[in-house]
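**Q** Could you have a look at this structure, given as structure tokens, before my questions?
The values are calculated or read from the model by the stated rules, or taken from the named source; none is laboratory data. The structure displayed is predicted, hence computed values, not measured ones. Cβ sites come from the backbone with ideal geometry, for glycine too, and all protein chains shown count toward neighbours.
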Amino acid sequence: MQPFLEQLHPANWGFLWDALSALALRLCAAFAILWFGWWFSRRVANWIARRGGGIDPTLRPIVRDTAVWGVRLVAVIGALSQIGIQTASIVAVLGAAGLAIGLALQGTLQNIAAGIMLLLLRPFKVGDYIDGGAGASVAGTVEEVNLFTTRLTKPDGICEYVPNGALWSNSIRNYSRNPTRRLDLEVEVSVRDDVNRAMDALRMLTAADPRVLASPAPQVMVARFDDSTAVLNVRVWSNIDTFWDMRWELSRKVRQALNDAHCSLPLRTRELHIVQTQPAEPGQPTQPTQSTQQAQQ
């Protein structure tokens, strides 16, 4: 008890004051480093989001998050060093904790690995329309690719977040990667009409549309015959930016073109053969009768 009372002697108060002052300065310096690190990380994030620095839009979110948390991690380590904490031991503890968390969150790590592979191999980029997932259940325009999820905008305007693992583990169909796309439009013509005249009318229709590419050349062919109906296939190519406008326009004009060629709308017919059994006289075999009827669908 006596040594402790001696330390509280007024002669030792100057040493205590110096120690507290040094600790306060270290805490202020640590707080200043943290504040500057968070402020600088936000400035870096805003600069990458606004200008991008020539970074591809697909990679921009990953680069932004990596830069932000890299700056903040350096600021935290610098602040801990200012207050006298050994950062080497903290890094070892964080490594052990990271291993434990990684074992507990294996599914999340799979999404991170899938996100890295998507960013490296680039099966799609921001702005592409894709479908994928199990049974192609995921479809939409790519808005952002993160380490964990990919953000899509569906055709009806709904936002959808898809885990990267669901995309990477299944086939991905990219509708925006190739510059051109083929349209196959099926048209039904009655077999009683002149099929060749109908094909010529469809060729003239495709030739008059400026959105139809000359190479590969448009094709009109007979695909099959179904129930008194000839099914024609109109096969044309177009640029992807005009594909849907061309599709709706051709679908609207094809019926009028066939009417101008005097090709009527087909009515599907089938022949039904009905067999009836007539009672016979005793001792004689039964006599079947047959009749034919036509049914229209």
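**Q** At positive phi and not assigned by TED's automatic domain parsing to the domain that holds residue 66: does that describe residue 165?
**A** When the stated conditions are applied, residue 165 does not pass them.
**Q** Might you check whether a residue that is at pLDDT below 80, over 21 Å from residue 165 (Cβ atoms), in contact with a helix residue (DSSP H, G or I) (Cβ under 7 Å, 6 or more places away or on another chain) and among the charged types (D, E, K, R) occurs anywhere in region 57-64?
**A** yes
**Q** Hey, among the residues in region 120-132 that are among the hydrophobic types (A, V, I, L, M, F, W, C) and surrounded by fewer than 18 Cβ atoms within 10 Å (Cβ to Cβ), which one's farthest from residue 174 (Cα to Cα)?
**A** Among them, the one singled out is 120.
**Q** Would you point out the residue of region 184-210, among those that are among the hydrophobic types (A, V, I, L, M, F, W, C) and in contact with a strand residue (DSSP E or B) (Cβ under 7 Å, 6 or more places away or on another chain), that is farthest from residue 226 (Cα to Cα)? Spell out the reasoning first.
**A** Let us first name the residues in region 184-210 that are among the hydrophobic types (A, V, I, L, M, F, W, C), namely 185, 187, 189, 191, 195, 198-199, 201-202, 204-205, 207-208.
Those left that are additionally in contact with a strand residue (DSSP E or B) (Cβ under 7 Å, 6 or more places away or on another chain): 185, 187, 189, 191, 195, 198-199, 202.
On the way: 185: 16, 187: 12, 189: 10, 191: 10, 195: 14, 198: 17, 199: 17, 202: 20 Å.
Result: 202.
**Q** Looking for something touching a residue at least 24 places away in the same chain (Cβ under 8 Å), in contact with a Lys or Arg (Cβ under 9 Å, 6 or more places away or on another chain) and charged (D, E, K, R) - is there at least one such residue anywhere in region 129-140?
**A** yes
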